[in-house]
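The values are calculated or read from the model by the stated rules, or taken from the named source; none is laboratory data. Everything quoted here is computed from the prediction, not taken from an experiment. All Cβ positions, glycine included, derive from the backbone under ideal geometry; neighbour counts span all protein chains shown.
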Amino acid sequence: MSPIAGSVEELLALAIRHLNAGQHSRARLLCEQAVATHPPHPAIEQLLAHISLAHDDAAAGLAHATASLALRPEHAPTLIVAAAAARALGALGQAADHCAHALRLQPERADLWFQLSLLRHDLHDLQGAAQALRELLRLEPQRAEAEVNLGIVLQEDGQLDAAMRAYGRAYRLREDTFGRIAHALATPNVGRVWLDLDALRASLRSAPA
């Protein structure tokens, strides 16, 4: 592909059109041309981060996202890309930090609260995971799987009564959550053994909200 004359904005617009058309190689070449011929531009670096992640190159994705954030640190979409790249690399703490930063900018993003809860759970930050799940449920109170996850986190934190309340809310929202709930309660050191699954269902139905 021969170099194309144009401003960085023109190269960016053309690269986005190629990317939307599934022509990732052409989009990457245009971005690389912009990098070589123009001053650093955050949107070019962000687009390169997207392309790198699409091709399972998380290291390059994180490098480009970091370069973009150095120029535009309060840009939530780039923070989300950086979080995804860091998570793919196993840098869970960094991923959680980027996700939390994005949520400070876009606190109504339920999907980000869910991602943050998973990251904090993986980091064994049980209180942080529970807080993220409660924020998610504030936005989407009918999200049964979030109630199950909250129950699991509270159970792991030794708060079994609170966990049972969360499990009860989940079961009353969607009875097909019962399998996950029963599996979670079957883990060692729970303190209660449910040999009668019908009794467990009855307990979940009547658990306080």
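Evaluate the following for Ala65: is it within 17 Å of the chain's Cα centre (by Cα), assigned to a helix (DSSP H, G or I) and of a type in the set (A, V, I, L, M)?
For Ala65, the condition - within 17 Å of the chain's Cα centre (by Cα), assigned to a helix (DSSP H, G or I) and of a type in the set (A, V, I, L, M) - is met.
I'm checking my understanding of the structure. Among residues of the stretch 157-205 that are among the β-branched types (Val, Ile, Thr) and under 20 Å from Ala129 (Cα atoms), which one is modelled with the lowest pLDDT?
The qualifying residue modelled with the lowest pLDDT is Val190.
If we scan the stretch 151-165, do we find a residue that is more than 24 Å from Arg87 (Cα to Cα) and touching a Pro at 6+ places or on another chain (Cβ under 7 Å)?
yes
Within the bounds of the stretch 26-45, is there any residue that is closer than 25 Å to Asp122 by Cβ, of a type in the set (Lys, Arg) and within 26 Å of the chain's Cα centre (by Cα)?
no
Every residue in the stretch 32-51 that is under 14 Å from Ala82 (Cβ atoms) and either in contact with a His (Cβ under 6 Å, 6 or more places away or on another chain) or not assigned by TED's automatic domain parsing to the domain that holds Arg87 (or both), please.
Passing the criteria: Glu45, Leu48, Ala49.
Can you say whether Ala199 is hydrophobic (A, V, I, L, M, F, W, C) and farther than 27 Å from Gly90 by Cα, as far as the supplied structure shows?
Considered against the rule, which asks whether it is hydrophobic (A, V, I, L, M, F, W, C) and farther than 27 Å from Gly90 by Cα, Ala199 comes out as yes.
Got a number for residues in the stretch 156-174 being surrounded by fewer than 18 Cβ atoms within 10 Å (Cβ to Cβ), basic (Lys, Arg) and in a helix (DSSP H, G or I)?
1
Condition first: exposed (fewer than 15 other Cβ atoms within 10 Å of the Cβ) and part of a helix (DSSP H, G or I). Now tell me which residues in the stretch 83-109 satisfy that.
Correct list: Gly93, Arg104, Leu105.
Buried (at least 24 other Cβ atoms within 10 Å of the Cβ), within 23 Å of His55 (Cβ to Cβ) and outside the structural domain of Ala202 (by TED's automatic domain parsing): which single residue out of Thr78, Thr66 fits that description?
Being buried (at least 24 other Cβ atoms within 10 Å of the Cβ), within 23 Å of His55 (Cβ to Cβ) and outside the structural domain of Ala202 (by TED's automatic domain parsing) holds for just one of Thr78, Thr66, which is Thr78.
Is it true that Ala86 is in the same structural domain as Ala207 (by TED's automatic domain parsing), at pLDDT 95 or above and out of contact with any Gly (no Cβ under 8 Å at 6 or more places or on another chain)?
Considered against the rule, which asks whether it is in the same structural domain as Ala207 (by TED's automatic domain parsing), at pLDDT 95 or above and out of contact with any Gly (no Cβ under 8 Å at 6 or more places or on another chain), Ala86 comes out as no.
For Leu48, indicate whether it is under 16 Å from the mean Cα position of the chain (by Cα) and at pLDDT 95 or above.
In short, no.
Anything in the stretch 92-125 that is of a type in the set (D, E, K, R) and within 11 Å of Ala76 (Cβ to Cβ)? List them, or say none.
Answer for the stretch 92-125, where residues must be of a type in the set (D, E, K, R) and within 11 Å of Ala76 (Cβ to Cβ): Arg104, Arg109.
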